[in-house]
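Take a look at the structure below.
The values are calculated or read from the model by the stated rules, or taken from the named source; none is laboratory data. Note that the structure is predicted; figures quoted are calculated from it, not measured. Neighbour counts are summed over all protein chains in view; Cβ atoms, including those assigned to glycine, are modelled from backbone coordinates with ideal geometry.
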């Protein structure tokens, strides 16, 4: 499997990451070499084998349904570049 | 039988509808964090570091939410999967701090099931369920407060949702309404979701296409995020018409995600459509697969008492109600609980279930609607209403007087016997007293009596009315009628 620049740019766009042409080129090279390396796994026959979601044999830890009153507004908004009356203010998302 | 067809200008069309219902799990804390789910709190006050997706935070699943999803699956007559997996659904949006939603893709917690909807004409229909899976809700965006900004409240971010996906078995807006009502009713009986559509605890995406009967499915459009049954029906009717018009003019339907504008009743494409969604699902490495043993499932099964369909059957068998009446009555758990409590007031009421239904659905509802009070908060207790109906059945008061007593009961919260005693409303069954009244009425209206005797039979009603008035509505109608007829025939 080989990636092309279009795919790199599409992935970047989906993640909202801005890439310069040079960065895009570098990433293309890096990612292709990673994929090449992973490609070796294709040598193993995995027909009729269910994909494994996790290699750990322990079971999913669970918690009780207890709510904590955290009153988080101030703390959570601390890093926000823009806010208004307890809300995050972000560039308009049209819809 | 197919009266669901829509007539276009040229052909008849069938509407094919499938629903994705998002039901908020009624839990105290979120699906993967312990912040509160309380509605209407101060913006961003219930956002833990997990919900805000701060680096290094890890999700820990809420056991209660798993149980409620399983119980809901049982209520949907569905297969519960012993093995399910949480996946990341990746997309970028301002109200999704993680940059992905934790959802279930290939291995949902609940598989195929079915629910039954009941029609007025007594027919029923099964709607198949494809799956139910658990996922996180997103935050809330306010778009209309500022021309250049969107405001974001993350309180809802991470609250547990059950997404219930139906097969495209629905054929009309009405069926869609019945289906969503049925799902809502099942959720409320199970108490797994509060069913509050206004607050967004229950909302739906509608997939819709049209075809000529017998043809293959047409191209579908998806209408997003509808939060009332009224809007769902409006949106379906508008969208079906729109698609039919395009097809009859020789056009083709473009597969699209639509929004419904509630102020003009029209659908329009979402603007972000050009960036076709590419969710890049993969198993969330932060979460192990979820194993549920058959023992756990059985234990949850035994926690379910009575579902709407069970109760409906009981009403049909025990109280002789029609299938449709029983389904209307059981649709709302509170109404149905109230009915049960009324009828259990006294054994005699069991044989008069239809009367009990009428007193609840017409008399009680009209008072409660007028005062805008929910039935589970009715000042008239089921016991008192039961006793009032018993008094009618025993001829202690007439139905007409009982209506006034009911209003008094609402206002004073008193029991019916006290009100009837205090106001002296007991029905007159003493023949001597009624005879006296009749005598007076006939004497006062001699002319009418003559007319009656000369053949104007209809005047009997007039004498009944006058006598009733004189008794202040208290005369037993049956006895009154008998006495009147006897007296009049004697004069002949």
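For the reader, a short list of remarks on this structure follows.
- Boolean, residue B:401 is assigned by TED's automatic domain parsing to the domain that holds residue B:341, surrounded by fewer than 18 Cβ atoms within 10 Å (Cβ to Cβ) and in a helix (DSSP H, G or I): no
- Qualifying position, being out of contact with any strand residue (DSSP E or B) (no Cβ under 7 Å at 6 or more places or on another chain), surrounded by fewer than 16 Cβ atoms within 10 Å (Cβ to Cβ) and closer than 28 Å to residue B:119 by Cβ, among B:286, B:278, B:216: B:216
- Scan of region B:22-58 for residues that are in a strand (DSSP E or B), at the interface with chain A (Cβ under 7 Å from one of its Cβ atoms) and either more than 29 Å from residue B:131 (Cβ to Cβ) or touching a residue at least 40 places away in the same chain (Cβ under 8 Å) (or both), ordered by number: B:35
- Residue B:349 being outside the structural domain of residue B:191 (by TED's automatic domain parsing), without any contact (Cβ under 8 Å) to a residue 24 or more places away in the chain and touching a helix residue (DSSP H, G or I) at 6+ places or on another chain (Cβ under 7 Å): no
- Enumerated strands (runs of 3 or more DSSP E) restricted to region B:64-143, each holding at least 1 residues that are modelled with pLDDT of 95 or more: B:87-90, B:100-103, B:113-118, B:124-136
- When residues in region B:470-479 are screened for being part of a helix (DSSP H, G or I) and within 12 Å of residue B:441 (Cα to Cα), 1 of them pass.
- Residue check: residue B:224 meets all listed conditions (1) more than 14 Å from every other protein chain (Cβ to nearest Cβ); (2) at pLDDT below 95; (3) on the phi < 0 side of the Ramachandran plot but one, namely (1).
- Residue A:74 falls short on exactly one of the conditions (1) without any contact (Cβ under 8 Å) to a residue 24 or more places away in the chain; (2) out of contact with any helix residue (DSSP H, G or I) (no Cβ under 9 Å at 6 or more places or on another chain); (3) surrounded by 12 or more Cβ atoms within 10 Å (Cβ to Cβ), and that condition is (3).
- Per the conditions (1) surrounded by 13 or more Cβ atoms within 10 Å (Cβ to Cβ); (2) outside the structural domain of residue B:72 (by TED's automatic domain parsing); (3) in a helix (DSSP H, G or I), the sole criterion not satisfied by residue B:321 is (3).
- Qualifying residue in region B:59-75 (condition: more than 8 Å from every other protein chain (Cβ to nearest Cβ) and more than 15 Å from residue B:193 (Cα to Cα)): yes
- Those helices (runs of 4 or more DSSP H) lying entirely in chain A with at least 2 residues more than 9 Å from chain B (Cβ to nearest Cβ): A:5-14, A:21-39
- Candidates in region B:144-154 are the residues that are within 9 Å of chain A (Cβ to nearest Cβ) and in a loop (DSSP other than H, G, I, E, B); of these, the one that is nearest to residue B:32 (Cα to Cα) is B:154.
- Residue in region B:39-59 that is in contact with a strand residue (DSSP E or B) (Cβ under 6 Å, 6 or more places away or on another chain), modelled with pLDDT of 95 or more, closer than 20 Å to residue B:188 by Cβ and surrounded by 19 or more Cβ atoms within 10 Å (Cβ to Cβ) present: no
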